[in-house]
1. Inside the range 259-279, can you point out the residues that are over 26 Å from Arg59 (Cα atoms) and touching a residue at least 24 places away in the same chain (Cβ under 8 Å)?
2. Of all residues in the range 81-104, which are loosely packed, with under 14 Cβ neighbours inside 10 Å and closer than 24 Å to Gln231 by Cα?
3. How about the range 294-305: which of its residues are touching a helix residue (DSSP H, G or I) at 6+ places or on another chain (Cβ under 6 Å) and surrounded by fewer than 21 Cβ atoms within 10 Å (Cβ to Cβ)?
4. If I ask for residues that are surrounded by 13 or more Cβ atoms within 10 Å (Cβ to Cβ), out of contact with any helix residue (DSSP H, G or I) (no Cβ under 7 Å at 6 or more places or on another chain), of a type in the set (A, V, I, L, M) and not in a loop (DSSP other than H, G, I, E, B), which ones from the range 227-270 would you list?
5. Got at least one residue in the range 189-197 being part of a helix (DSSP H, G or I), touching a helix residue (DSSP H, G or I) at 6+ places or on another chain (Cβ under 9 Å) and not small (Gly, Ala, Ser)?
6. What are the residues in the range 6-21 that are closer than 16 Å to Trp170 by Cα and either among the charged types (D, E, K, R) or part of a helix (DSSP H, G or I) (or both), if any?
7. Based on what the data block shows, is Ser19 at pLDDT 95 or above, of a type outside the set (Val, Ile, Thr) and either in contact with a Phe, Trp or Tyr (Cβ under 8 Å, 6 or more places away or on another chain) or closer than 25 Å to Glu109 by Cβ (or both)?
8. Among the residues in the range 73-92, are any within 19 Å of Ala298 (Cα to Cα) and in contact with a helix residue (DSSP H, G or I) (Cβ under 6 Å, 6 or more places away or on another chain)?
Amino acid sequence: MPENSKMKDFLDLTQWSRSELETLLDLAAELKRNPAKFSRSLEGKSLAMIFKKSSTRTRVSFEVGMFQLGGQAIFMSSTHTQVGRGEPLEDTARVLSRYVDGIMIRTYEHAEVETLAQYATVPVINGLTDFLHPCQVLTDIFTIKERLGDKFSDLKVAYIGDGNNMANSWINAALQFGFDLRIAAPAGYEPDSGLLKKASNDGRVTVVGEPAAAARGADVLNTDVWASMGQEEEAVARRQVFAGFQINEELLRLAAPEALVLHCLPAHRGEEITAETFERFQELIFTQAENRLHVQKALLMTLLGD
């Protein structure tokens, strides 16, 4: 469990120490190797899952994860609960805390996750906000560790594209695990300025204007869609702005010889990544997607287990 009793939530990687995160990743590896060993770990436990944003990997991995650990997950769509009819999150947090052992929420405003955690007396997990996606980036770190080992001090990671919740999450990951991160984003689409200011003292996070500058010598290249959920009306304009901020074979040739390509999915082939490059790394990308299950099971055991 996190060292501070109030830090029983998982809203942000920086709430947890590196040693705590590494312990969680070790547990995820053991869960992946021997899932049957833990099949009753959360017997009798329940997780409420609040979704204001649609989901494939987040919903299925948490729901299946609770089932495989012997517990149950309760899907709560904002359109079919009082959350969607204006019930304050403060009240939702208090009510759910009397029913379930944990709450996962996937929503737009990061402040909503913080409010839920403030008023809940059970652990709260950030399944995604417009600001951060800590479950995904922790899975990405796990995937890198599987393939390249845990010498993060020597690792060079390039993120190409929109300075969105994934770029923000990669900044936090670089701060926690101590690797070099170079982010290539168009002007005006950089990651959160507050996070960049926080990272400026570290010296291992840089933002560049050209994808080639980020990719050169990188051990890992990763990206995300150019227009996230809620930005559909900007999609056409964003295609013009982000033209050139694409992971492709030409960019990959600038990276380290055995560089990995990651994508958090869904992927828009021909936009942030070419079909050719995606298919060349599809086995790794879908292993990355599978790893959401193992990492989130470890998170659930850590937060909800006895």
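The values are calculated or read from the model by the stated rules, or taken from the named source; none is laboratory data. Computed from a predicted structure; not experimentally measured. Cβ: placed from backbone, ideal geometry, glycine included. Neighbour counts: every protein chain shown.
1. If the condition is that a residue be over 26 Å from Arg59 (Cα atoms) and touching a residue at least 24 places away in the same chain (Cβ under 8 Å), then Ala259, Leu260, Thr274, Glu276, Thr277 are the ones that fit.
2. Correct list: Gly84, Arg85, Gly86.
3. Residue satisfying the conditions is Thr302 alone.
4. Ala235, Val241
5. The answer is yes, given that some residue of the range 189-197 is part of a helix (DSSP H, G or I), touching a helix residue (DSSP H, G or I) at 6+ places or on another chain (Cβ under 9 Å) and not small (Gly, Ala, Ser).
6. Asp12, Leu13, Thr14, Gln15, Arg18, Leu21
7. Numbers: at pLDDT 95 or above: yes; of a type outside the set (Val, Ile, Thr): yes; either in contact with a Phe, Trp or Tyr (Cβ under 8 Å, 6 or more places away or on another chain) or closer than 25 Å to Glu109 by Cβ (or both): no.
Here the answer is no, as Ser19 does not meet what is asked.
8. Start the filter on the range 73-92 by keeping residues that are within 19 Å of Ala298 (Cα to Cα), which leaves 73-74.
With in contact with a helix residue (DSSP H, G or I) (Cβ under 6 Å, 6 or more places away or on another chain) added as a condition, the list becomes 73.
Scanning the range 73-92 turns up at least one residue that is within 19 Å of Ala298 (Cα to Cα) and in contact with a helix residue (DSSP H, G or I) (Cβ under 6 Å, 6 or more places away or on another chain).
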